[in-house]
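The structure under discussion appears below in the form of structure tokens.
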Amino acid sequence: MSDCDNAKLPIVIIGGGGHASVLADILLQQQREIVAIVCPDDINQRAIFSGITHLKRDADISRFSADSVSLVNGIGLMPKSSFRRKLNETFLSLGYRFETVISDSAIVSPFCRLEVGAQILPMSVIQAGATIGSHSIINTGAIVEHDCSVGSYNHIAPRATLCGDVETETNVYIGANATVIQGISVGNGAVVGAGACLTRDLASDMIAYPAKITTK
Ligand code: JB2
């Protein structure tokens, strides 16, 4: 099912905001050791991080050798943002690896394929024949139906649905509660807005907005 490292190395989480807190929760429930949160800002307001070492600079990750820890990128991918990807590429080039995170409450077919660094959040569903590209986020309650191919560095936001055989390229953002009907292709960097229903292919870098509801 997965390309991932199963070595159960200690974890370093990059970022200390909302997405990082969800990932930390999943990992702590799985009894994983989180040795540091790396974040320039204060993290004290989030109880989930209490007791975990807080490092302020990304350069501080070098305190851990590349083969002694597994990184988790806790910075959420927002539409058109390349920040998450740049951070990953920096640390991959230094020889670090990224953990594949799978919530215990996600339903993940043994006949799907998860590439390294994918983040599968609680109550999401990945059906048989689907592929989730490296470093993509399948957020809470999202559904990736059979035979979909989700590219790398995608964010499928909470409760979004990809019907069967959908294909997304790289850096695609599917907004919360959006639906992409079966067989549709979504190009690099494209965005499907929250609540939209996409019924035609979407070319690279295009944005599909939800239809406006008009009242008399
Ligand atoms: O250069 C940086 C840096 N810049 C900001 N290095 C590191 N290591 N961390 C950095 N940060 C940290 O990212 C901020 O200090 C903050 O802790 C975190 C971003 O947190 P925020 O809660 O603003 O966003 P998020 O990325 O956790 O969540 C977004 O994406 C999720 C998927 C939100 O939009 C959520 O609503 C969404 N669910």
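The values are calculated or read from the model by the stated rules, or taken from the named source; none is laboratory data. Small disclaimer: the values here were computed from a predicted structure and weren't measured. Cβ coordinates were reconstructed from backbone atoms using ideal geometry, including for glycine residues, and neighbour counts include every protein chain displayed.
Computed values, structure above
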quantity	calculated
Conditions (1) surrounded by 13 or more Cβ atoms within 10 Å (Cβ to Cβ); (2) in the same structural domain as residue 172 (by TED's automatic domain parsing); (3) more than 28 Å from residue 175 (Cβ to Cβ): number failed by residue 106	(3)
Top-ranked residue in the range 2-18 [being over 17 Å from the mean Cα position of the chain (by Cα) and at pLDDT below 90; ranked as farthest from the ligand (Cβ to nearest atom)]	6
Qualifying positions in the range 53-80 - away from the ligand (no atom under 11 Å from the Cβ) and of a type outside the set (A, V, I, L, M)	53, 62, 63, 64, 65, 67, 68, 70, 80
All positions within the range 145-171 that are within 16 Å of the ligand (Cβ to nearest atom) and assigned to a strand (DSSP E or B)	150, 155, 156
Contacts under 7 angstrom Cβ, first residue in the range 12-33 being over 21 Å from residue 78 (Cβ atoms), partner crowded, with 22+ Cβ neighbours inside 10 Å, 6 or more apart	12/38; 12/71; 27/11; 27/101; 32/11; 33/11
Residues of the range 85-116 satisfying the condition of being among the hydroxyl-bearing types (Ser, Thr, Tyr) and within 17 Å of residue 137 (Cβ to Cβ)	100, 103, 105
